[in-house]
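Derivation of every value follows stated rules applied to the coordinates shown; laboratory data play no part. Treat the numbers as computed from the prediction; the structure is a model and nothing was measured. Neighbour counts are summed over all protein chains in view; Cβ atoms, including those assigned to glycine, are modelled from backbone coordinates with ideal geometry.
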Amino acid sequence: MSAIRFEGVTKRFGGLAAVDDLNLEIRKGEFFSLLGPSGCGKTTTLRMVAGFDQPTEGHIYLDGEPVETVPPYRRNVNTVFQSYALFEHLNIEDNVAFGLKRKKVPSDEIRTRVAEALELVELHGRGKARPRELSGGMKQRVALARALVNRPSVLLLDEPLGALDLKLRKQMQVELKGIQREVGITFLYVTHDQEEALAMSDRIAVMERGLVKQCSSPEDIYEHPSGPFVASFIGTSNLLSGVVENGCVKLATGASCVAQVPSDCPQGAEVHLSVRPEKIWLDELEEGMVELGGTIVERVYVGTTTQVIVELGPGMRVTALEQNTARVGSDNRWQIGDRVRLGWHREHARVLR
Amino acid sequence: MSTVESRPSAPARPAADARRAPGKPPKGFDRPRFLKLFVGVFFVLLFAPIALVVLFSFNSSRSLQDFQGFSLRWYETFFESESLRDSLIASLEIALLTMLIATVLGTMLAYGLVRARTRVSDSLNVLMLVPLVTPEIVAGASALLLFTQVKLDLSLTTIVLAHITFSISYVTVVVRARLVSLSREVEEASMDLGATPVETFRLVTLPALWPAVLAAGLLVFALSFDDFVLSFFTTGESPQPLPVRIWTQIRFGVRPTINAIGTFMLVISVLSIGLALLLPRLLGRRESGLKVLLGREGA
């Protein structure tokens, strides 16, 4: 049985569909992310599960039960808000105990469960502090403990790391994933940060303008994006436009690239060829690679890697990523203006409509 | 309040600055010596008349010009007069009732205006400010007209009704400012954790609003307690509220008792406003009551 099931869920604000005919099934114990740019409907989806918004059409099932008529305070889900939404007039313990008190849990059980929850998020000993005395990262942990202590069947997280600085965010990503594995609760995670989604999720649904563009594992979404939007939103991707010709893609520069053309792309169809920068080789090519020639127009050193931008023809550029390994002379192998041969293994290029 | 920004934003001549010994105040127009004097004069003018009233309320003679010695005789006359005592009690009753009812209604109105978020709530927000700018004499006359129309006998009740009408706006403005800074997500979090809407209001919204509600209530108390114009229009024969009572007495000549009553009223007003400013801090809030009243506190 799935933890959450969306059946034809549509939410309209005025005439605009924020979420359009959503069909999704989220498994029990899964770390599931809704990923997309702002305004793609991911937060609206989350709010409908929490009960703050009602679907205009369709049904949502929690643990197999339809929840249209269930108000937020009777749903067995809890939310971690982006703004943390802590109760400023209560101390940390009382914040965490809030949900249990509403459920009339005996007070000695409340005490042990609150202590456990604070232990889980490494905030034991800070129970008497007020929310405003805590740092952003600590508040975030309190919000997490306050939700988890109720042992919901699903935990909803609305960009919970959005307000933290980069370093803390990376650290919290690892911790969140660890906590999820430890408690085994289904996480429905909303984010616009693709790296975050890739790092933590079991599965990701990429959304754009209310529609799910692709729903799959992180590896699959990264390696096999379903369309130009997913390819460019997840990581960086070179999108080369061309037309299908005899099982190849003929680029605007005139070069022909062998590629696995899907069966639904007829002869002459306009397509994009998507290649990840790290899949592009420069100069020392292997047998059987797709080969192109170009001129180096830019080199950008970014620490562990160097971005090399190659112009294939007028208006058509690709970015290649070179690892800055210990290879001798790798730091100035290429100069701007050098002619270069580049290539990729044909299975690393995707034909997208 | 009395310190003025000592450094204007325009950079002073660097050469002159360099020559000056460190720590010695620079001469010239950019120093606030002149401004300090100005501020001093301003405050003297502001408080001198009030100080005189307080001083002469302790005068042992009838004179309003010469202070001849300390005595409490005018306070004794004040409290010995049954009609003045009745007026004082009436005024306190009016202020207390107005405070209680207007605070409850105003808080509810603020909550509705902020949380309902209908298409008209913006216009309603502006409409709500109308009582604050309506000339009080117009408000008084219209209240009197209304009470006569519905054949309501003028009494303490009519005064309270009139006071509530204008006080609601004050409460709503103050509470609204606080409510706007309270994120909707906090209330959602409460419901998410299993609290019904009513429990959420009681356990989350109200505790966050308390400082503003209390401050607004005390402000209304002070306003109602010393209101003259509205009370004058809507008062019955007896007992009259204290300000109206004073005015009636003055028509028969100014007596030093007035100073004692005035000082007494001043103390009550200052106390309630002071309490309004202090209470949020006494309740363990960081923000000062002044900020709460002016709606300028951070989220």
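Whose amide H sits under 5 Å from the amide H of A:Ala259, counting only residues 5 or more places off or on another chain, with H placed in the peptide plane?
When sequence neighbours closer than 5 places are left aside, the close amide H contacts are A:Val249.
Taking the 0 to 90 degree range and rounding to the nearest ten, how far is the long axis of helix A:136-148 tilted relative to the main principal axis of chain A, both from C-alpha atoms?
60 degrees
I want the local charge near B:Ser61. Using Cβ-Cβ distances under 14 Å, sum +1 for each Lys or Arg and -1 for each Asp or Glu among the other residues.
Surrounding charge for B:Ser61 is +2.
Cα to Cα, under 19 Å, and not fewer than 8 places away if on the same chain: which aspartates and glutamates meet these conditions relative to A:Lys213?
Within the straight-line limit of under 19 Å, A:Lys213 reaches these aspartates and glutamates: A:Glu7, A:Asp20, A:Asp21, A:Glu25, A:Asp193, A:Glu195, A:Glu196, A:Asp202, A:Glu223, A:Asp264.
Please report how far the C-alpha centroid of segment A:210-262 lies from that of segment B:103-120, rounded to the nearest whole angstrom.
53 Å
Rg (Å, one decimal) plus Dmax (Å, integer) for the alpha carbons of segment A:4-223?
Looking at segment A:4-223, its Cα Rg and Dmax stand at 17.1, 51 Å.
For segment A:44-60, what does the Karplus curve 6.51 cos²θ - 1.76 cosθ + 1.60, with θ = phi - 60°, yield as ³J(HN,Hα) per residue in whole Hz, taken in order and with x for Gly and Pro?
My calculation for segment A:44-60 gives 4, 4, 4, 5, 6, 5, 5, x, 7, 10, 9, x, 6, 9, x, 9, 10 Hz in order.
Rounded to whole Hz and in sequence order, give me ³J(HN,Hα) for segment A:245-250 from the Karplus expression 6.51 cos²θ - 1.76 cosθ + 1.60, θ = phi - 60°, writing x for Gly and Pro.
So the J values, rounded to whole Hz, are 8, 6, x, 10, 10, 8.
Share of antiparallel DSSP beta bridges in chain A, in percent to the nearest 5?
Percentage antiparallel, nearest 5: 75.
Over 22 Å between Cα atoms: which of A:Lys101/A:Lys139; A:Lys28/A:Lys170; A:Lys28/A:Lys167; A:Lys103/A:Lys177; A:Lys128/A:Lys167 fall into that group?
A:Lys28/A:Lys170; A:Lys28/A:Lys167; A:Lys103/A:Lys177; A:Lys128/A:Lys167
Tell me the net charge near B:Arg255. Cut-off is 15 Å between Cβ atoms, B:Arg255 excluded, with +1 for each Lys or Arg and -1 for each Asp or Glu.
Every neighbour counted, the sum reads +2.
Pull up all non-local amide H partners of B:Ser71: gap of 5 or more, or a different chain, and H-to-H distance under 5 Å with H placed in the peptide plane.
The list, which skips near neighbours in sequence, is B:Asn59, B:Ser60.
Once the other residues with Cβ under 11 Å from the Cβ of A:Arg276 are scored (Lys, Arg +1; Asp, Glu -1), what is the net sum?
0
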